[in-house]
Amino acid sequence: MSVKIIVDSASDIKVTFAQQQNLGFAPLRTILAGTEYRDGIDILPDEFFEKLEANKEVARTSQVNVSEFAAMYEEAVNAGDDVIVITISSGLSGTYQSAVIAAADYPGRVYVIDSLSATAGEQVLIEQAIRLRDAGKSAADIFAELDEMRKKARLFVRLETLEYLKRGGRISKTSAAVGGLLNIKPILTLNGEGKLETVGKARGINMSHKMLNDSIRSCGGIDFTKPVVITYAGDLADGTVQKYLEDSKDIYGDHVDQLTIGQLGCVIGTHSGPGAIVVSFVPAE
């Protein structure tokens, strides 16, 4: 009996990667300028951020529904597979709850993991799940290991702009205006409940990189035997991630080639805006 891994699009893995790794892919929806898109299918990050910057209205996202998960479970179980489902944090979306409701019809066959994370943080769990699946582990064993890993894994976000926190009502127009004048770049994290919290606010790129890396150090550094993922809200060739890695040699050392680096997508990008950098890892200590 094999294991089918199902992931949602808030993980920011590409559909092509999902196909290569035989993963089920469940897209959330993004509504922008009156048009609904299936995240990662109908719209990709480059086009999304271009549209996001061109429109002043607030973009919205909607969860994967129960029937979509149910159809994927039925197909996998009928094929003789047990199922591992990895979703965006229940503190950010109702997608986890949809996955759990659909799984009720398949006791002992479908295991649902609330990642307590998103984007790069989900990818850390997905990469580990693939390693375990390929090593021949059962769905129950994979679930048990991911359940422990999700409690240890950390995620930090460095925002480029306050504009999208303002649009989403998380900060006032005045705070956004003052922050813009002072070139403030907040550092955020996801807490133990998978909800966003502010770590601090830095002035300028260099100080924001320092604060991001100080946050990583405060966890005991990075365990490079586990997946380490960086996602970026923009064109990976624009030099922003390269600049961050140049400023972070003491953090990553000779392990840069081990990093998974990809684009941040629509779901989290709706709230972060362009230019955000997300780092997720399992602490060394």
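If the only charges are +1 at each Lys and Arg Cβ and -1 at each Asp and Glu Cβ, what is the size of the charge dipole of the chain around the Cα centre, to the nearest 20 debye?
Here the size comes out at about 980 debye.
Tell me, what ³J(HN,Hα) does each residue in segment 53-67 have, in order and in whole Hz, if you take phi through Karplus 6.51 cos²θ - 1.76 cosθ + 1.60 with θ = phi - 60° and put x for Gly and Pro?
Listing the rounded values in order: 6, 7, 10, 8, 6, 6, 6, 10, 10, 9, 6, 6, 8, 4, 5 Hz.
Would you mind working out the magnitude of the charge dipole of segment 1-124 relative to its Cα centre, with +1 at each Lys and Arg C-beta and -1 at each Asp and Glu C-beta, to the nearest 20 Debye?
Details: 8 positive and 18 negative charges, 24 e Å.
The calculated dipole for segment 1-124 is roughly 120 debye.
Run the paramagnetic zone check for residue 67: 7 angstrom along Cα to Cβ, then residues of segment 9-36 with backbone nitrogen under 19 Å.
25-30, 36, by backbone N distance to the label point.
What area, in nm² and to one decimal, does the C-alpha convex hull of the chain cast on average over all directions?
14.2
Counting other C-beta atoms within 10 Å, and keeping those with at most 12, which DSSP coil trypsin sites (Lys or Arg not before Pro) do you find in segment 48-125?
Answer by residue number: 56.
Which whole-angstrom value gives the distance between the alpha carbon centres of segment 134-148 and segment 230-244?
Using only Cα atoms, the two centres lie 32 Å from each other.
What angle, in degrees between 0 and 90 and rounded to the nearest 10, separates the Cα long axis of helix 204-218 from the longest principal axis of the Cα atoms of the chain?
Computed tilt is about 50 degrees.
How long is segment 102-171 along each principal axis, judged by its Cα atoms, biggest number first, in Å?
Result, largest extent first: 45, 28, 17 Å.
Describe numerically, in nm with one decimal, the distance between label points set 7 Å from Cα along Cα→Cβ at residue 144 and at residue 16.
3.8
On a full-extension model of 0.36 nm per residue, what is the gain between residue 44 and residue 104, subtracting their alpha-carbon distance, rounded to one decimal in nm?
Between residue 44 and residue 104, full extension yields an extra 18.4 nm.
Among the listed pairs 4/195; 137/249; 210/243, which have their C-alpha atoms separated by more than 24 angstrom in this model?
From the list (4/195; 137/249; 210/243), the Cα-Cα distance tops 24 Å for 4/195; 137/249.
We did not get these values from a lab; they are worked out from the coordinates using the rules stated. Please read these numbers as outputs of a predicted model, since none were measured by experiment. All Cβ positions, even for glycine, are placed from backbone atoms using ideal geometry, and neighbour counts span all protein chains on display.
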